[in-house]
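Enquirer: Right, I'll just put the structure down here and ask away after.
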Amino acid sequence: MTTPPLHECSNALIPFLSNPFCILDTELCVKYASPPFLALFPDSLPDVVGQPVNQAFMWDGPLKDLPSILKRILVSSESIIEYPFFRSGSSRSGDKTTLTIIPIRTLDDQSSRVTGIVLAVSGITGHQVAGDQQSHETTLINIIHEIAASDQISFPGRLVQQVVSRVGSLLQIPFISFLEFTTESDNQIPLREEVLWSRRYGFLIGEGWDDISPIDLCRSRQVSDIFCSQPYLIHTLQTVPIALNATMLERGVSTLLIIPVLYEREIYGCFILWNTEEVLKEHDITALKIIGRIVGAGMMNLRVETDLAQSREKFRSVIEHIGDMYYRTDKAGILLEISPSMATALGYQSSALLIGLSMEALLMYPDNWPIFLSEVLNSNGVKDYELILKGAGSKMITGSVSCRLVYTEDGDLLGIEGVIRDISRRKQYEHLVHESEWKLEQAGRIAKLGLWSYDVKFKTFRVSPEVFSILVFPSDMNVITLGDLIHITSDPDKNQLLKHFLNESATSGEFGFDIRIDLPAGKFKYIRIHGQPRMREGAVTGSFGILQDITERKEVEQHLLRYANQLEQKTLELDAMRSQLLDMNRDLDQRVRIRTTQIEELLRQKDEFIMQIGHDLKTPLTPLVAILPYVRKKISDPELIDLLNVSIEDVKTIRRMLTKILELAQMNALYSLSDLQQINLHEALDQIISDNTYLIHQKSLFVSNEIPDSFSLMISPMHLETLMGNLIGNAVKYSYIDGSIIITAEEKPESICIRIKDNGIGIPADALPRIFDEFFKADSSRHDLNSHGLGLAIARRIVDIYGGIIKARSEGSGKGATFLVNLKKIPEFRSSTLHEQGNF
């Protein structure tokens, strides 16, 4: 095993050395000197670190030749040497102390060497003191007094290390170790062994040194039992279990003494003195027991403080996660601690922003603070005390405060701690309930409605104030009896009261009936009584419900009844007229159905004829399209080639015309679609413009697509391409060179209007009404073989299918044309191909 370097050993030793001390390196230069050590040498250099020890401090007496003593220790195997030491300025007969020289050794697998030296000053001397040696008894008593008065009592780890090193030095025990215990299920269980003292090496740090290995506490249950259940016992090689016997032989000892470290009845661990000599004297063991109890008290304090710290941590964790707000103040009302939930509720990002503020400053109405504080002081706390707190910005909450006064152990007031529950929402609900109750009360007055409760046993009613005014009873009446109600009820309606109240037959469930009450001067009122039985243990104890003045409603009902009779008479007259109209409508409907059937049959026959003719013409054209280009390649006569070229173009023209005719016929039959998609108009029209790029460049046209990117339609991609392809293609085809085409769109609530405007050849005024007819050409004198007069007809048919509108505008020939297409965002398919005329 190899020890750490000198500076690491120094850092480990410093917490355990409470007496004045300094640390030297192998050059006998000062590496560290504690302030109490420096105080012993008032004439020392201002900065002693790095200075030789004989120059940094003034030595006299036996230590005048201290460097020689230290050099001898560097090359020897001596462990600890103590010399009498007289502080500077004190007499030799008084204030006597001891300088303990402790070598710090580094061990490897083969040898050991000194890497530093500790010089410690104390009032306790050991067995190697050059003069004035004290007895073991006196020294142990001094150790007891010193550790009892030491401020290290709250640091039992340091205290154990000091006690072990000093007792080991005093009694010259080969090894002293400390065995720490832990508690599981109320049983003391050894946790681990730390070897803290070696007669060979002196002061140790860690669980072992060189070839010393800790006790194997897992090998035998008997080993654990020795340390847990048999304290104060002295064991020999003959009385210990085999597993522990091997450890004793390894350490070269013949006896061991167990000194428990305990407080009251709880054991925190034990000192184990591994010895080669006879048993220690009784007074030495007694002193060691006392030391064990003192160290146990320190461990108890540490455990209590640890438990308290853990409890505080758990409490803080609980406070951080509960929904209620926790706070603690001093006796002046200054906030010392608050939960994160309180900071969040008040609109602050951190609890630290509120620490140090006065609780009074958080109140919306600070004048309430003295009243609240008086309640807390008089009752030693409050419960569910309502306060309004203000937070960051305009934040405001209503809180229910429960708190108590906090005192010290001596009874002095520390402050207030408590919990605040946010009841802002509950207060809102209470306000809504009160408002609803008020509205219900007002509605009852307006609706002339009151509440009642009937008791079967006493035959009495308990009613709301509105009932007295409804029944025209004096307001000073306290109780209304069943007899009072029967007395003012008209004779025909008295049986209703007897049925539901006197005969106690209301067990059938909810009931309701109308009565008329008689008033002075021949007047009367109609009253509606609605209620249900009140049950207790299976028996009817009464009933409750509402009572409403329905006099005005009855009058209205009577007027309505008269009007209803008159309307019934008029209705009979209208029924007679309606019968006549129905007969006429039936006859007209029959005629329309017959005519419609005839028209639909003619249209069907037309479509079938067009389809058949198209297919019949297309079949012989197919070989011509393929054969004529082949024949042209086989001949060389220029005249024949020109004739073939004309024939090929005519065949292509006929084929294109047939294709358009078939498309138009298919459009007539297409009323339902399955390939609808949400299509971006800007992107779709960009693609169509791109398809016409060659002709656009050839004519040097300026084409601008100004449709916003956000405009889209639900439409079939094929239909949109055909529709806009025809319109944009026509605009390109009939535009002058260097002309322009502008495409815009306008969004309406339910539709989008697309506008395609060019400055081309225009449309004559007399051609506009027929521009969308099939096979119509505005200028029949022009023999444009690529135009068949079907493009705009197909465009109108597509618009009709989607329930839209298409229109053309032009100021005349040579003045350009504008085509407008209005399509709904969500299409409404039409079963008719009739074009709908209207305004955009």
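The values are calculated or read from the model by the stated rules, or taken from the named source; none is laboratory data. Everything quoted here is computed from the prediction, not taken from an experiment. When we count neighbours, we look across all protein chains shown, and the Cβ atoms used for this are built from the backbone with ideal geometry, even at glycine. Please note that ligands, DNA and RNA were not included when accessible areas were found on the heavy atoms of the full protein model with its side chains. Shrake-Rupley method; radii C 1.70, N 1.55, O 1.52, S 1.80 Å.
Enquirer: List every residue pair whose Cβ atoms lie under 7 Å apart, where the two residues are 6 or more positions apart in sequence or sit on different chains, the first residue falls within segment 691-703 and is part of a strand (DSSP E or B), and the second residue, located anywhere, is at pLDDT 85 or above.
Expert: Pairs that qualify, where the first residue is part of a strand (DSSP E or B) and the partner is at pLDDT 85 or above, are Phe702/Ser740; Val703/Ile689; Val703/Ile696; Val703/Ile741.
Results for (1) loosely packed, with under 14 Cβ neighbours inside 10 Å; (2) touching a residue at least 24 places away in the same chain (Cβ under 8 Å); (3) farther than 17 Å from Gly415 by Cα, shown as yes or no for each residue.
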{"residue": "Leu302", "(1), (2), (3)": "no, yes, yes"}
{"residue": "Asp307", "(1), (2), (3)": "yes, no, yes"}
{"residue": "Tyr327", "(1), (2), (3)": "no, yes, no"}
{"residue": "Pro340", "(1), (2), (3)": "no, no, yes"}
{"residue": "Gln349", "(1), (2), (3)": "yes, no, yes"}
{"residue": "Ala352", "(1), (2), (3)": "yes, no, yes"}
{"residue": "Glu360", "(1), (2), (3)": "no, yes, no"}
{"residue": "Asn378", "(1), (2), (3)": "yes, no, no"}
{"residue": "Gly381", "(1), (2), (3)": "no, yes, no"}
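Residue-by-condition table, conditions (1) within 30 Å of Thr489 (Cα to Cα); (2) free of Cβ contacts under 8 Å to residues at least 12 places away in the same chain:
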{"position": "Ile527", "(1), (2)": "yes, no"}
{"position": "Gly531", "(1), (2)": "yes, no"}
{"position": "Ile550", "(1), (2)": "yes, no"}
{"position": "His559", "(1), (2)": "yes, yes"}
{"position": "Thr571", "(1), (2)": "no, yes"}
{"position": "Arg593", "(1), (2)": "no, yes"}
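Enquirer: Which residues, counting only those in segment 727-750, are touching a Phe, Trp or Tyr at 6+ places or on another chain (Cβ under 9 Å) and surrounded by 16 or more Cβ atoms within 10 Å (Cβ to Cβ)?
Expert: Once the filter is applied, which keeps residues that are touching a Phe, Trp or Tyr at 6+ places or on another chain (Cβ under 9 Å) and surrounded by 16 or more Cβ atoms within 10 Å (Cβ to Cβ), segment 727-750 yields Leu727, Asn730, Ala731, Gly739, Ser740, Ile741, Ile742, Ala745.
Enquirer: In segment 146-183, what residues are under 21 Å from Glu266 (Cα atoms), hydroxyl-bearing (Ser, Thr, Tyr) and modelled with pLDDT under 75?
Expert: Ser154, Thr182, Thr183 - these are the residues of segment 146-183 that are under 21 Å from Glu266 (Cα atoms), hydroxyl-bearing (Ser, Thr, Tyr) and modelled with pLDDT under 75.
Enquirer: Starting from residues that are of a type in the set (Lys, Arg) and in contact with a helix residue (DSSP H, G or I) (Cβ under 9 Å, 6 or more places away or on another chain), keep the ones in segment 383-403 and report whichever is surrounded by the most Cβ atoms within 10 Å (Cβ to Cβ).
Expert: Within segment 383-403, the first condition is being of a type in the set (Lys, Arg), and the residues that meet it are 383, 390, 395.
Subset that is in contact with a helix residue (DSSP H, G or I) (Cβ under 9 Å, 6 or more places away or on another chain): 390, 395.
Details: Lys390: 17, Lys395: 12.
Among them, the one singled out is Lys390.
Enquirer: Restrict the check to segment 781-788 and report whether at least one residue is modelled with pLDDT of 85 or more, surrounded by 13 or more Cβ atoms within 10 Å (Cβ to Cβ) and within 30 Å of Tyr694 (Cβ to Cβ). Walk me through it before giving the result.
Expert: So in segment 781-788, the residues modelled with pLDDT of 85 or more come out as none.
No - not one qualifying residue is present in segment 781-788.
Enquirer: While we're looking at this one, here's another question. Checking the structure you have, find out if any residue of segment 71-89 is open to solvent by 40 Å² or more (accessible area, probe 1.4 Å), modelled with pLDDT under 75 and closer than 15 Å to Ser169 by Cβ.
Expert: Checking segment 71-89: at least one residue is open to solvent by 40 Å² or more (accessible area, probe 1.4 Å), modelled with pLDDT under 75 and closer than 15 Å to Ser169 by Cβ.
Enquirer: Out of segment 467-486, which residues are modelled with pLDDT of 80 or more, part of a helix (DSSP H, G or I) and touching a Leu at 6+ places or on another chain (Cβ under 8 Å)?
Expert: Listed by number, the residues that qualify are Val467, Ile470, Leu485, Ile486.
Enquirer: Out of the residues in segment 487-511 that are outside any helix (DSSP H, G or I) and at pLDDT 85 or above, which is farthest from the chain's Cα centre (by Cα)?
Expert: Initially, segment 487-511 is screened for residues outside any helix (DSSP H, G or I), giving 489-490, 503-505, 509-511.
Okay, now just the ones that are also at pLDDT 85 or above, so 489-490.
Details: Thr489: 66, Ser490: 69 Å.
Looking at residues that are outside any helix (DSSP H, G or I) and at pLDDT 85 or above, I get Ser490.
Enquirer: Restricting attention to segment 241-250, does a residue exist that is touching a strand residue (DSSP E or B) at 6+ places or on another chain (Cβ under 7 Å), at pLDDT 65 or above and open to solvent by 30 Å² or more (accessible area, probe 1.4 Å)? Walk me through it before giving the result.
Expert: Within segment 241-250, the first condition is being touching a strand residue (DSSP E or B) at 6+ places or on another chain (Cβ under 7 Å), and the residues that meet it are 248.
In the following step, the residues that additionally are at pLDDT 65 or above were identified as 248.
Now drop any that are not open to solvent by 30 Å² or more (accessible area, probe 1.4 Å), which leaves none.
No, there is no match, as no residue in segment 241-250 is touching a strand residue (DSSP E or B) at 6+ places or on another chain (Cβ under 7 Å), at pLDDT 65 or above and open to solvent by 30 Å² or more (accessible area, probe 1.4 Å).
Enquirer: For residues that are over 22 Å from Ala793 (Cβ atoms) and at pLDDT below 80, scanning just segment 651-687, find the one that is farthest from the chain's Cα centre (by Cα).
Expert: The selected residue is Val651.
Enquirer: Next up: For segment 441-463, state whether one or more residues are open to solvent by 20 Å² or more (accessible area, probe 1.4 Å), of a type in the set (Gly, Ala, Ser) and at pLDDT 80 or above.
Expert: There is at least one residue in segment 441-463 that is open to solvent by 20 Å² or more (accessible area, probe 1.4 Å), of a type in the set (Gly, Ala, Ser) and at pLDDT 80 or above.
Residues are listed down the side, and each one gets a yes or a no for (1) part of a helix (DSSP H, G or I); (2) over 30 Å from Val261 (Cα atoms); (3) modelled with pLDDT of 75 or more:
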position: Lys289; (1), (2), (3): yes, no, yes
position: Gly298; (1), (2), (3): yes, no, no
position: Leu302; (1), (2), (3): yes, no, no
position: Thr329; (1), (2), (3): no, yes, yes
position: Met342; (1), (2), (3): yes, yes, yes
position: Ile355; (1), (2), (3): no, yes, yes
position: Glu360; (1), (2), (3): yes, yes, yes
position: Ser374; (1), (2), (3): yes, yes, yes
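Enquirer: Out of everything in segment 707-724 that is part of a helix (DSSP H, G or I) and over 13 Å from Ile743 (Cα atoms), what residue ends up being nearest to the chain's Cα centre (by Cα)? Talk me through it step by step, then tell me what you get.
Expert: Step one: filter segment 707-724 for residues part of a helix (DSSP H, G or I), giving 717-724.
Next cut, over 13 Å from Ile743 (Cα atoms) only: 717-723.
On the way: Pro717: 45, Met718: 49, His719: 50, Leu720: 48, Glu721: 50, Thr722: 53, Leu723: 53 Å.
Result: Pro717.
Enquirer: Please work out which residue is modelled with the lowest pLDDT, limiting yourself to segment 272-287 and to residues that are in contact with a Pro (Cβ under 8 Å, 6 or more places away or on another chain) and either of a type in the set (Phe, Trp, Tyr) or part of a loop (DSSP other than H, G, I, E, B) (or both). Spell out how you get there, then give the answer.
Expert: Within segment 272-287, the first condition is being in contact with a Pro (Cβ under 8 Å, 6 or more places away or on another chain), and the residues that meet it are 274-276.
Remaining after also requiring either of a type in the set (Phe, Trp, Tyr) or part of a loop (DSSP other than H, G, I, E, B) (or both): 274, 276.
Numbers: Trp274: 84, Thr276: 79.
Residue satisfying both the conditions and the ranking: Thr276.
Enquirer: Next question. Mind checking which pairs have a first residue in segment 51-63 that is modelled with pLDDT of 85 or more and a second that is open to solvent by 60 Å² or more (accessible area, probe 1.4 Å) and of a type in the set (A, V, I, L, M), Cβ under 6 Å, 6 or more apart or different chains?
Expert: Within 6 Å, the pairs are Gln51/Leu45; Ala56/Leu45.
Enquirer: Inside segment 518-547, can you point out the residues that are open to solvent by 40 Å² or more (accessible area, probe 1.4 Å) and under 53 Å from the mean Cα position of the chain (by Cα)?
Expert: The answer is His530, Gln532, Arg534, Met535, Arg536, Glu537, Gly538, Phe544, Ile546.
Enquirer: Moving on. Inside segment 465-492, can you point out the residues that are of a type in the set (S, T, N, Q) and open to solvent by 20 Å² or more (accessible area, probe 1.4 Å)? Lay out the reasoning, then the answer.
Expert: Taking segment 465-492 and keeping what is of a type in the set (S, T, N, Q), we get 469, 475, 478, 481, 489-490.
Answer for segment 465-492, where residues must be of a type in the set (S, T, N, Q) and open to solvent by 20 Å² or more (accessible area, probe 1.4 Å): Ser469, Ser475, Asn478, Thr481.
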